[in-house]
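A short write-up of the structure that comes next.
The values are calculated or read from the model by the stated rules, or taken from the named source; none is laboratory data. As the structure is a prediction and not an experimental result, all values here were calculated from the model. Glycine gets a Cβ as well: all are built from the backbone with ideal geometry, and neighbour counts include every protein chain shown.
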Amino acid sequence: MSIQIRYFAAAAEAAGRDEEHLEIAAGATLSTLKAVLIERYGTLMQRVVESGSFLIDGVVRRDPAHAVGARVDVLPPFAGG
Amino acid sequence: MTLPAQSDRQPLVGPGAPLSSERLIRYSRQLANPDFGEIAQRRLAHARVLVVGAGGLGSATIPALAAMGVGTIGAIDTDAVELSNLHRQLAHGVADIGRSKLESMADTVAQIDPEISLIRHDVWLDSSNALELFAGYDLVLDGSDNFATRYLVNDAAVLTGIPVVWGAILRYGGQAGISWSGQGPTYRDLFPVPPAPGTVPSCAEGGVLPTVCAIVGGIMCSETVKLLTGIGEPLLGRVTTYDALSGRFRELEYAVSDEVDAVTELIDYDLFCGLTPAAVGSSGAGDTSKTGGSAEFGETSGSDAAGGVSDEIDSRELAALLSTEAAPQLVDIREPFEFAIAAIETAELIPLGGLEGRLADIRTDIPVVVYCHHGIRSERALRLLQSAGFTNIRHLVGGIDDYSQVIDPALARY
């Protein structure tokens with residue numbers, strides 16, 4: 001299936017783009033998606049995957065077995081003030 | 001009359017006493033805004049808001065809130081003004097260096113409007129005082145500089161039922177939103193758990209473009225005024241992100257997540273953020289290590305209570321070692337501009353970014369010590385060298401900043 005994935009801040013830097021469409025196997029889980037992103041974009045993305053939030057269809061998901069939806073947002077946190 | 005921008009949301013604060021003509025003149029340009037008017041202005045005058053942090057975002061919000069007529073503003077900070085603050089913390093000036101930021105801020109506010117009450121909370125916000133402090137305010141602005149404080153602010157606001165207008169900045173980017181339990185999602189619905197220590201740099205480590213403070217601080221003030229007066233559509237359930245390099249704002253919508261733990265009480269936020277008590281204690285001596293936002297993360301990473309100790313060295317031990325015949329190779333992995341500010345004698349400069357290409361310069365016949373500003377990048381350098389096969393490497397805990405405080409005050413701090 002095709003998913004729309006949006007990258008923010010350090011995630012966009014790691015991916016070299018703000019968003020893209022990815023073809024991913026039907027029934028793919030969050031952990032599959034994370035592995036795909038790391039394979040695709042390397043160590044910078046690995047850091048993002050470790051600390052960043054993954055929102056699936058607008059809801060943050062932590063369960064690695066959660067199914068990937070049509071829209072995924074990758075948002076790294078930062079705390080500077 | 002209701003404009004499309006008008007929400008059904010109730011104003012957070014009731015209107016205070018009618019305004020004097022002098023006040024009406026002062027606020028005439030904002031009173032002229034559609035749907036604003038004198039009642040909205042009286043709500044602002046009657047409002048009590050608390051600002052966590054008088055640094056970059058505090059400087060961008062507190063004077064603006066005061067100027068707009070928010071009657072009572074509390075500010076929490078324990079830092080003193082430093083030279084390296086002045087490029088972005090426009091509430092402070094050269095004459096304020098060394099003064100407490102709260103004192104300096106009080107002067108700035110008094111110059112804008114002496115009738116605004118700035119309440120100085122010269123305390124380190126923690127689980128023991130947060131609920132009591134928050135109970136005295138209608139709304140909190142979070143411009144703090146570390147994750148432990150951000151989760152504390154969120155949770156204390158959840159428990160007291162008040163909204164948080166939060167902003168965060170790093171390098172060329174900013175984020176802002178509203179966290180309000182019961183009315184919408186909270187900060188935890190966006191970031192359920194903090195990142196591992198050392199994985200996200202602070203502004204001291206990663207840098208920050210000053211104008212990002214102004215932009216994010218401006219958004220925070222707008223959201224504050226909107227909530228207090230009930231105008232517009234609050235940034236609730238949405239986070240807006242700003243990238244100065246592209247000049248682009250992007251928005252992300254989010255809802256309450258069922259995978260987020262409910263907040264029932266305040267916890268130990270240092271522990272929650274992976275900061276061990278020992279490391280917090282050892283790095284908490286100076287103000288920089290607390291609200292400078294640099295030492296909270298990374299100081300502890302790789303050194304869980306039992307293991308990892310052997311690849312760390314502290315300032316005293318390094319000083320002793322450097323004075324012996326068997327001095328180690330000392331490698332400064334900071335950037336050249338930092339090396340030019342101050343460097344420990346005998347150190348060689350090999351910036352972290354180029355370290356992988358200069359492995360041949362790392363000695364294997366004698367011990368090697370790597371250091372940086374606060375001990376965060378050097379920990380990364382240590383891991384890099386270890387994974388490249390080097391075994392006799394240690395990194396300086398607390399970096400040159402700690403070394404300056406403990407051993408050699410002649411080394412300029414920044």
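Observations on the model:
- Qualifying residue in the stretch B:125-142 (condition: touching a Phe, Trp or Tyr at 6+ places or on another chain (Cβ under 6 Å) and among the small types (Gly, Ala, Ser)): no
- Qualifying positions in the stretch B:172-207 - within 11 Å of chain A (Cβ to nearest Cβ), assigned to a loop (DSSP other than H, G, I, E, B) and of a type in the set (Gly, Ala, Ser): B:Ala196, B:Gly198, B:Ser202, B:Gly207
- Residues (in a loop (DSSP other than H, G, I, E, B) and within 14 Å of chain A (Cβ to nearest Cβ)) located in the stretch B:223-245: B:Gly237, B:Ala244, B:Leu245
- Residues (within 12 Å of B:Val370 (Cβ to Cβ) and surrounded by fewer than 19 Cβ atoms within 10 Å (Cβ to Cβ)) located in the stretch B:324-357: B:Glu348, B:Leu349, B:Pro351, B:Leu352
- Number of residues in the stretch A:1-31 that are over 20 Å from B:Tyr242 (Cβ atoms), at pLDDT 95 or above and not aliphatic (A, V, I, L, M) equals 5.
- Residue within the stretch B:246-257 that is more than 9 Å from chain A (Cβ to nearest Cβ) and acidic (Asp, Glu) present: yes
- Helices (runs of 4 or more DSSP H) within the stretch B:1-50 that include 1 or more residues modelled with pLDDT under 95 and either hydrophobic (A, V, I, L, M, F, W, C) or touching a helix residue (DSSP H, G or I) at 6+ places or on another chain (Cβ under 9 Å) (or both): B:37-46
- Residue that is surrounded by the fewest Cβ atoms within 10 Å (Cβ to Cβ), among those in the stretch A:4-61 that are touching a Ser or Thr at 6+ places or on another chain (Cβ under 8 Å) and among the small types (Gly, Ala, Ser): A:Ala25
- Wholly within the stretch B:320-414, helices (runs of 4 or more DSSP H) carrying at least 2 residues that are within 26 Å of B:Glu82 (Cα to Cα) and in contact with a Leu (Cβ under 9 Å, 6 or more places away or on another chain): B:336-341, B:377-387, B:399-406
- Filter result for the condition that a residue is within 26 Å of B:Trp124 (Cα to Cα) and in contact (Cβ under 8 Å) with a residue 24 or more places away in the chain, over B:Pro185, B:Pro192, B:Pro234: B:Pro192
- Considering residues of the stretch B:210-257 that are of a type in the set (Asp, Glu) and surrounded by fewer than 19 Cβ atoms within 10 Å (Cβ to Cβ) only, the residue nearest to B:Asp189 (Cα to Cα): B:Glu253
- In the stretch B:186-203, the residues that are polar (S, T, N, Q) and in contact with a Leu (Cβ under 9 Å, 6 or more places away or on another chain): B:Ser202
- Check on B:Leu266, out of contact with any strand residue (DSSP E or B) (no Cβ under 9 Å at 6 or more places or on another chain), closer than 21 Å to B:Tyr137 by Cβ and more than 9 Å from every other protein chain (Cβ to nearest Cβ): yes
- The residue that is farthest from the chain's Cα centre (by Cα), counting only those in the stretch B:92-141 that are closer than 25 Å to B:Ile178 by Cβ and among the polar types (S, T, N, Q), is B:Ser117.
- Elements of type strands (runs of 3 or more DSSP E) contained in chain A, each with 2 or more residues being at the interface with another protein chain (Cβ under 9 Å from one of its Cβ atoms) and acidic (Asp, Glu): none
- Scanning the stretch B:78-105 for residues that are buried (at least 21 other Cβ atoms within 10 Å of the Cβ) and of a type in the set (Gly, Ala, Ser) yields B:Ala91, B:Ser104.
- Qualifying positions in the stretch B:45-77 - surrounded by fewer than 19 Cβ atoms within 10 Å (Cβ to Cβ) and touching an Asp or Glu at 6+ places or on another chain (Cβ under 6 Å): B:Arg48
- For B:Pro210, the requirement of being within 21 Å of the chain's Cα centre (by Cα) and not β-branched (Val, Ile, Thr) is met.
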